[in-house]
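Presented below is the structure to which this report refers.
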């Protein structure tokens, strides 16, 4: 039986299960071949914990991180769409409830905003 996302263990299950899918995906796995997982996973745990529970544990800048990635390995709309598909599927497989729905909304919003700002930057090339 599924339950809602309620604690750090749930966040870790979500993030770990998601990345298991991503690193096996022929379209987007290449973005993750050089990732230091011991550093990256705790950052993602903090990001999603903060996104769902407002803990203040994440202080990074995901837009800058993805803009920098885009300058090294061009991201496409299909890449964002695949990322979102895997994330939503992972939530659906493991969780249901208000926080699970919030996670889906946050992922959709984040993917949409990043796709627009990175793939279609304003003429002055500033990214917020």
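Values as computed for the structure displayed
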| quantity | calculated |
| --- | --- |
| Complete set of residues in region 1-17 that are outside any helix (DSSP H, G or I) and surrounded by fewer than 19 Cβ atoms within 10 Å (Cβ to Cβ) | 1, 2, 3, 4, 6, 7 |
| Residues that are surrounded by 19 or more Cβ atoms within 10 Å (Cβ to Cβ) and within 13 Å of residue 112 (Cα to Cα), drawn from region 83-93 | 83 |
| Among (1) in contact with a helix residue (DSSP H, G or I) (Cβ under 6 Å, 6 or more places away or on another chain); (2) at pLDDT below 95; (3) part of a loop (DSSP other than H, G, I, E, B); (4) within 26 Å of residue 8 (Cα to Cα) - the single one residue 127 does not satisfy | (4) |
| Any hit, region 18-27, residues being in a helix (DSSP H, G or I), loosely packed, with under 13 Cβ neighbours inside 10 Å and modelled with pLDDT under 95 | no |
| Count - residues of region 44-75 that are part of a loop (DSSP other than H, G, I, E, B) and either surrounded by 14 or more Cβ atoms within 10 Å (Cβ to Cβ) or without any contact (Cβ under 8 Å) to a residue 24 or more places away in the chain (or both) | 10 |
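The values are calculated or read from the model by the stated rules, or taken from the named source; none is laboratory data. Since the structure is predicted, the reported quantities are computational estimates derived from the model, not experimental observations. All Cβ positions, even for glycine, are placed from backbone atoms using ideal geometry, and neighbour counts span all protein chains on display.
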